Amino acid sequence: MTARSLFIPITLLLVIAFLIGPFLIIVAASFSAGETLAFPPQGFSLRWIAKVFTVESFRASFGMSLFLAIGGTAAALVLGIPASYALSRYKLPGAEIVRTIVSAPIIVPGIIVGLALLRYIVVPFQVGITLALFLAHTALVLPYAVRVVSASLDNLRSDIEEAAVLLGSSRLGAFFRVVMPNIRGGIMSAFILGFVTSFNQVPVSLFLSGPGVRTLPVDMIAYMEIVFDPSVAALSSLLAFLSIGIVFIAERFLGFSRYV
Amino acid sequence: MFQNRAEALALALPAAIFAAAVFLVPVVILLSDGFRAPTGGWTISAYTDFFSNSLNQTVFLRTLRLSALVTVASAVIGYAAAFAIVSLEPGAKGKVTGLVVLPLMISPVARTYAWIVILGRTGIVNQAFQALGITEAPLRILFSETAIFIGLLQLFLPLMIISLISALENMPKDAIPAARVLGANWFQVFWKVVLPLTKEGLVIGGTLVFTGSLTAYITPAILGGSKVLMLETLLYQQVAVSNNFVAASVIAFILIVMSFAANILLKRVATARNKQRSQA
Amino acid sequence: MSDASYLSLEKLTLAYGDSVAVANLDLDIRKGELIALLGPSGCGKTTTMRAIAGLLAVKSGHVRLDGADITRMPANKRAVGLMFQSYALFPHLSVYENVAFGLKLKGMRGTELETKVQSGLKSVGLSTFANRKPAELSGGQQQRVALARSMVMEPKVLLLDEPLSNLDARLRLEMRTELQRVQKETGVTMIFVTHDQAEALALADRIVVMKSGKIEQIGSPEDIYNRPTSSFVADFVGFENIFPLENGKMKTSAGLIDLSGKAPSAAGLAWRPRMVTLGTGPFQGTVRGTSFAGDAREYLLDTALGPIKAEVEASQPPHALGAGLTFDLPAEKAAPLSRFV
């Protein structure tokens, strides 16, 4: 009996230590005063946290990643909301084909998407790297947008739209007056999920980098290959707290986990 | 359900055309590169070339082996963890599940980077081993299959645990007590009752972990270095270092075939299960 | 336009893709009438209602309302109200905003809007609930909001989809009274769809019984209840013993049988269980089942004619299972059926 009652806390302790421990170590290491990455940290200082903000390439790539995460996700929603609406409310010929095409980018490894885009869009059509990254991140987020928005549309009765039409609204008006307000939580959740996915994405962006144009995670990998100081740890900690904070707020106000 | 076809197409086509143009068409052309003969026509010689190279064989087998090992390990640990979590009180259950999900919000780069601090020459593990007198010189753990295995396991274990938690929660509440009353020991309870009833969750989790490991780039890139390659890092090298786009296409095709196979398996098992239910 | 055809459906054919749901339907409805479309699921009653509302495109034929052909008129221009079976309240809007929704779209603002919405809410007894969200109301209250939301628009026709089916017995009576009152006060033409004959009989001025996309019979509740003209309608309103006639003789599994009394010239005859005489008569049966229903006792008899259902006053002495009984199907009591299907 004692063996069994010990099983639960010990298992949980080990598993959580394995999953969370490394992250805590990174956080501790980012407050180190020493020159190299080490744990336990040598002394305490905020110098590496401060340094993150002074590295020019981090600032540029952070801006790029933020632009891709916000712009790409917004574009994916602009494409994805009407598509989800068609899939959930209409008898669409070839609905399964459409669903497969828009959700395919989730199945194919990102590195292949990035390479294909480089070889057959960027090079032949002389597309700029920034635009290519934007297209890639939009395609990458599209499956999530369609999945989450479809789920909240499926949970909403469709007869409220008919009711709105019979009360004098146009079909488009009914969408904006009674559908949108009721799937707002789903759209916000899709946005946050898309944002986090896009922001953390590496493989798609690997080949799509040019002089001064890089996403933040790719830039971090490049940096850590050259410099072995705790600034990447500091940056990782900052980013982690940022995304945990966003998801925590989203859960608090939207019930985020209901949608994803 | 609205009937107007033109409206439906107008709504759905922009997304479909975008995904086809930006994603589907380029990827299909890329995949076809590996089957194109330099003289025109079609050939599979790129594939025979690829597999006759012993380095490629090693990488291919290593990728399969590591993905399989990570999947098995995550299933074993996942069952123990999921069992422990579902047996908690509702409040504690939510908090612990939150802790399990938390790493998924953190950038994989950050999560993988942590292992450098832990597994490096002067990392925690080596410090501990030397302090305890287990080894004298620092062990070389980083840039090895072990390091990749640990990194992948940490990256994907949460997905398995979540799948198994929902599978265990959907299991009929009385199944385990019923089996116990009928005289099954704990091993039999797991093998004959829990495993069949949570098979679906296991397959979903397993597919996520397997395809995730198969197509992971960050972990082998950071923890494997340039020597211990997996298919994704090999693909990167073929392009970035060797400029060998045919080999890249071959690797891409192999990766896609393997992840599609895993996904089809998932659908198969899930639908087989649904059929059983609807017949019942 | 005559008064007898305020709303008229002419040769109306409706289809989902290639499958025809309603074929060549003709129906004239008077202004201020309360009509029930009655039939089992799949009979085309809901399809017909959706076509009147403009939610379903008409394949052929015409819909005319108040002298205008509205066959191709968009749903939002028709002045037709619909109370959905699920009520279809807007979950994100308060009760007040739900009722104000259509009025605002008409451009109504300020005190005019306020007054109109408040009087709408008052008429259904929900003035104090104006700021609640639909989810905070009971089913009965939600339905009254839906009624008010439709009625403030002053529709020419109000359609109601299974208006009483989601309510419990007590609320059902309440809502039935409410609908009759609203109809009397406003004089609005009402068409409601139902599969429940009791609901149709209790509420409607006229009942349209539908089957497989066609009208089976139109008549007053008394007509439908007492004088069904087809075996389908007879069965639907509770005539449980139905037989075809051939040359004045009843056609049964035991062959052609003479009836006591003179059989009318009809295609078939139908008796309610109440109309079967037990204890005397030319026929023999064995009690196979019996059930006590308070004021009455029901018997299921095995007979040479086939199974017969009979019902007698509970005060009569009971018959045991397996007992042999004589009985009669008196021809003069039977409802003559002009169509046997």
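The values are calculated or read from the model by the stated rules, or taken from the named source; none is laboratory data. The model shown is predicted, which means the values in this text are computed figures rather than measured ones. Using ideal geometry, Cβ is built from the backbone for each residue, glycine included, and neighbour counts are taken over all protein chains shown.
Go through region B:230-265 and count every residue that is more than 20 Å from A:Arg119 (Cβ to Cβ) and touching a Leu at 6+ places or on another chain (Cβ under 8 Å). Residues that pass the stated criteria total 4.
Of everything listed in (1) of a type outside the set (D, E, K, R); (2) more than 19 Å from A:Thr73 (Cβ to Cβ); (3) within 11 Å of chain B (Cβ to nearest Cβ), the single unmet condition for A:Val179 is (3).
Picking from residues in region C:81-124 that are on the phi < 0 side of the Ramachandran plot and small (Gly, Ala, Ser), the one that is surrounded by the fewest Cβ atoms within 10 Å (Cβ to Cβ) is C:Ser119.
For region B:55-91, taking the residues that are over 24 Å from B:Val203 (Cβ atoms) and within 14 Å of chain A (Cβ to nearest Cβ), the one that is surrounded by the most Cβ atoms within 10 Å (Cβ to Cβ) is identified as B:Leu88. Scanning for something touching an Asp or Glu at 6+ places or on another chain (Cβ under 9 Å) and assigned to a helix (DSSP H, G or I), does region C:164-174 turn up at least one residue? Yes, there is a match, as at least one residue in region C:164-174 is touching an Asp or Glu at 6+ places or on another chain (Cβ under 9 Å) and assigned to a helix (DSSP H, G or I). Residue selection: C:Leu137 fails the criterion of being modelled with pLDDT of 90 or more and touching a strand residue (DSSP E or B) at 6+ places or on another chain (Cβ under 6 Å).
State whether the residues of region A:91-111 include one that is surrounded by fewer than 16 Cβ atoms within 10 Å (Cβ to Cβ) and more than 30 Å from B:Ala21 (Cβ to Cβ). Checked region A:91-111: no residue is surrounded by fewer than 16 Cβ atoms within 10 Å (Cβ to Cβ) and more than 30 Å from B:Ala21 (Cβ to Cβ). Taking the criterion of being more than 7 Å from chain A (Cβ to nearest Cβ), touching a residue at least 12 places away in the same chain (Cβ under 8 Å) and farther than 18 Å from A:Val247 by Cα, the only residue of region B:92-115 that qualifies is B:Thr112.
Checking the stated criteria, C:Leu121 turns out not to satisfy the condition of being in the same structural domain as C:Leu7 (by TED's automatic domain parsing) and either part of a loop (DSSP other than H, G, I, E, B) or closer than 30 Å to C:Thr13 by Cβ (or both). A single entry from A:Leu118, A:Leu66 fulfils the requirement of being part of a helix (DSSP H, G or I), within 18 Å of A:Gly212 (Cβ to Cβ), within 9 Å of chain B (Cβ to nearest Cβ) and in contact (Cβ under 8 Å) with a residue 12 or more places away in the chain: A:Leu118. Scanning region B:166-190 for residues that are surrounded by 14 or more Cβ atoms within 10 Å (Cβ to Cβ) and either within 18 Å of the chain's Cα centre (by Cα) or more than 23 Å from B:Ala73 (Cα to Cα) (or both) turns up B:Ala175, B:Ile176, B:Ala179, B:Arg180, B:Ala184. Annotation: C:Tyr225 fulfils all but one of (1) buried (at least 19 other Cβ atoms within 10 Å of the Cβ); (2) touching a strand residue (DSSP E or B) at 6+ places or on another chain (Cβ under 6 Å); (3) without any contact (Cβ under 8 Å) to a residue 40 or more places away in the chain; the unmet one is (2). Can you find, within region C:20-42, the residue that is surrounded by the most Cβ atoms within 10 Å (Cβ to Cβ) among those that are under 12 Å from the mean Cα position of the chain (by Cα) and farther than 18 Å from C:Thr189 by Cβ? Per the criteria, the residue is C:Gly39.
Within region A:145-173, if we keep just the residues that are touching a Ser or Thr at 6+ places or on another chain (Cβ under 7 Å) and under 20 Å from C:Leu159 (Cα atoms), the residue that is nearest to the other protein chains (Cβ to nearest Cβ) turns out to be A:Asp159.
If I go through region B:129-159 residue by residue, how many of them are more than 11 Å from chain A (Cβ to nearest Cβ) and part of a helix (DSSP H, G or I)? So the answer is 10. When region A:148-167 is examined, which residues are found to be over 23 Å from C:Leu105 (Cα atoms) and of a type in the set (Ser, Thr, Tyr)? Those that are over 23 Å from C:Leu105 (Cα atoms) and of a type in the set (Ser, Thr, Tyr): A:Ser150, A:Ser152.
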